Amino acid sequence: MFDQSQIQEFKEAFTIMDQNRDGFIDKEDLRDTFAALGRINVKNEELEAMVKEAPGPINFTVFLTMFGEKLKGEDPEETILHAFKVFDTEGKGFVKADFIKEKLMTQADRFSEEEVKQMFAAFPPDVSGNLDYRNLCYVITHGEEKD
């Protein structure tokens, strides 16, 4: 399912999350992990839902199996397309470049002005200011433009 380097990375992640070092990830480990990431007020229901996704106590083998199941069948291109489709309410296959620029510069891992310029240089909007996100997603995941 995973190669040796991926298994090692998952082991490191598991070790970080197993805050009390008992070999299992439980609600308290999850709460402590969220706190370490700056999210303090995680609801018990949310933690319980996470733990209930496992078929039993979450040791490393269960942890690895859960990730495998989550990742199986995930197409990176479909995932990226789905993210863009959230903003394409009319389903036309494009979004306004100005809108995407604003989102990229104000949300999550914010882009700098230079990073946005580089993106639009590689994927210029059309004359109406629309960004063809389907082509962008294809190039991101395949490395070349569609014909």
Worksheet item: With respect to the cross-link table entries Lys11/Lys52; Lys72/Lys117; Lys70/Lys103; Lys70/Lys92, which display a Cα-Cα separation exceeding 26 Å?
Response: Lys72/Lys117; Lys70/Lys103; Lys70/Lys92
Worksheet item: Only one of the listed values, (1) -0.73, -1.31; (2) -0.84, -1.13; (3) -0.58, -1.36, was derived from the coordinates as log10 I(q)/I(0) by the Debye sum over Cα atoms at q = 0.13, 0.20 Å⁻¹; which label is it?
Response: (2)
Practice prompt. Using a 1.4 Å probe over the heavy atoms of the protein chains, calculate the carbon and sulfur portion of the accessible area of the range 37-134 as a whole percent.
Written response: 56 percent
Worksheet item: With every protein chain left in place, what is the accessible area per residue of the chain in square angstrom, probe 1.4 Å?
Response: 70 Å²
Fill in: Cβ-placed point charges (K, R +1; D, E -1), dipole of the chain about Cα centre in debye, nearest 20
300 debye
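The values are calculated or read from the model by the stated rules, or taken from the named source; none is laboratory data. If you're wondering where the values come from, they're calculated on a predicted model, not measured in any experiment. We place every Cβ from the backbone using ideal geometry, glycine too, and count neighbours over all the protein chains shown. Protein only, heavy atoms only, side chains kept; ligands, DNA and RNA dropped before computing areas. Shrake-Rupley method; radii C 1.70, N 1.55, O 1.52, S 1.80 Å.
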